[in-house]
Amino acid sequence: MAGSLQRSSIRMIRRADAATLGQAGADLVLETLAGRPAPVIGVATGSSPSPLYKELAGGTDDFSSVTWFALDEYVGLARGHAQSYAEVLRREIVEPLGLDPATMHVPDPHSEKLDEAGARYEQRIAAAGGIDLQILGIGRNGHLAFNEPGAALDSRTRLETLTEDTRRANQRFFDSLEDVPTHCLTQGLGTILEARQLLLIARGREKAEALARALTGPVTPECPASVLQLHGNVTVLADDAAASLLA
Ligand SMILES: N[C@@H]1[C@@H](O)[C@H](O)[C@@H](COP(=O)(O)O)O[C@@H]1O
C-alpha cells in the first residue's frame, strides 16, 4: 500500500490529506465489521477521527449490528450540553450513520456514584464481548483518551482530573477556559490495551512530537500513548504533518 510501512507490531499508514486519511480509516472499520455477527467499535471524539466518520456516513454500509463505546466523557457539563461527548457522538456518528441511539454507550457523568461509574462502564464493555477495534486520537502532550501524563499503564476506566494543557487545547470548543470542565471519565490505558485492535489517528504538525515519542520513545506513563508499543495489533494513520518526525 502506498505510503505505509510495517514497523514491529505497529502498522503505519501515511496519507497526504484528511479525505484520503478518512478513507483509509473507514476501510479498516469496514474490514473489522466484515464477518463479525456483533462487532464492537470504540470511538474517540476530537478533530482527528472526523474524516473517518464522514467517510462512513457517505457510504451505504449497514451498521445495525454494531455496538459502540466512547473513549471518554467530560464531567460537569449539563445534560445535553453541545460539547459533551455524548452530544458530539450523536452529531458525528449516531445521526449521520442512522444508528439506534441505544447502541452508543458513553460513560455516565451524571451518575451519583462517579467513583463507581468506571467499573460499571467496563462491565458494559465486557457484556458486549469486548472491543474489536478502538479508534484513538493523541493529545499534544501524549495523552490517550483522557489519560494524562503520569497515568498508570494498567489504569482502568475512572474519574480523572484534566491537566491545564489539555483544558487549553480543548478551549477551542468552549467560550472560555473557565467553561472547560476540570474532570472527566476516561477509559484507562489498561482498558484500551484490551481492545483487540487499535487505530490511532494523528493529524497536523502539533501532534508530530507526541506521535514520535509514542512510537519510538520509551514506554512510560510520561507519554501515555507509548502504551501502543505494548499492543500486538496497532495501526497508526497519520497525515504528512503529524508523521513528519518519523523516519
Ligand atoms: N479526550 C480527547 C481525546 O480522546 C482525543 O483523542 C484527543 C485529541 O483530540 P483532537 O483529535 O481534537 O486533537 O484529545 C481530547 O482531549
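Read-outs throughout are calculated quantities, based only on the coordinates presented, and are distinct from any laboratory measurement. Please read all numbers here as calculations on a predicted model, not as lab measurements. Cβ coordinates were reconstructed from backbone atoms using ideal geometry, including for glycine residues, and neighbour counts include every protein chain displayed.
Between Leu30 and Arg79, the simple label model (points 7 Å from Cα in the Cβ direction) yields a spacing of 3.8 nm. DSSP assigns beta bridges within the chain; of those with both partners inside it, close to 40 percent run antiparallel. Relative contact order, whole percent, for the chain stands at 25, derived from Cα pairs under 8 Å and 6 or more residues apart. Put a dot 7 Å past the Cα of Gln123, heading toward its Cβ, do the same for Leu153, and the two dots end up 3.1 nm apart.
Counting neighbouring beta carbons within 10 Å and listing from fewest to most, the residues Ser176, Ser48, Ser111 come out as Ser176, Ser111, Ser48.
Only beta bridges with both residues in segment 1-130 are counted; by DSSP, about 40 percent of them are antiparallel.
Put a dot 7 Å past the Cα of Leu177, heading toward its Cβ, do the same for Ser47, and the two dots end up 1.9 nm apart.
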